[in-house]
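Engineer: One structure, pasted below without further comment.
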Amino acid sequence: ELQQKAEETELLKMELQMLETERVRLSLLEEKLMDVLQLLQQLRDLNISKRALGKILLSTLESCHDPQPGKAQVFEVLDTLYQELTGCELLQSQPLDTAQSPQSLSNPLVISC
């Protein structure tokens, strides 16, 4: 009975470790998603054209056309999209304080189409 309890304890420890790993992965994914949404909000505030935004998105998807299967695929696409957005000439032509003003980031989750 003592050995059975020890095995159950070991299984619970492994499950807890897996849950913690998943929590960290989801936290990193959430951070990257928030970064992408903030950049999209800034571009919307700068009146980027739908065509230019579409080109950025297509470029991202083409860059990730052969991603590694698995959970890292979503992070890879978000990371590539973030890199494409930060390279946008419209954002680079804005002064840093204007592009990152608190007004433009007041609600980064609301992006109108």
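The values are calculated or read from the model by the stated rules, or taken from the named source; none is laboratory data. Everything numeric in this text was worked out from a predicted model, so none of it was measured. In this analysis, Cβ positions are derived from the backbone assuming ideal geometry, glycine residues included, and neighbour counts consider all displayed protein chains.
Engineer: Going by the conditions given, is Q94 surrounded by 10 or more Cβ atoms within 10 Å (Cβ to Cβ) and modelled with pLDDT under 95?
Structural biologist: So Q94 fits the description; yes.
Engineer: Only residues in region 31-58 that are within 13 Å of T80 (Cα to Cα) count as the first member; pair them with residues that are crowded, with 17+ Cβ neighbours inside 10 Å and small (G, A, S), Cβ under 8 angstrom, at least 6 apart or cross-chain, and list the lot.
Structural biologist: Between residues of region 31-58 that are within 13 Å of T80 (Cα to Cα) and residues that are crowded, with 17+ Cβ neighbours inside 10 Å and small (G, A, S), there is no close pair.
Engineer: From the residues in region 27-66 that are over 15 Å from the mean Cα position of the chain (by Cα) and of a type in the set (S, T, N, Q), which one is farthest from L91 (Cα to Cα)?
Structural biologist: Among those that are over 15 Å from the mean Cα position of the chain (by Cα) and of a type in the set (S, T, N, Q), it is S63.
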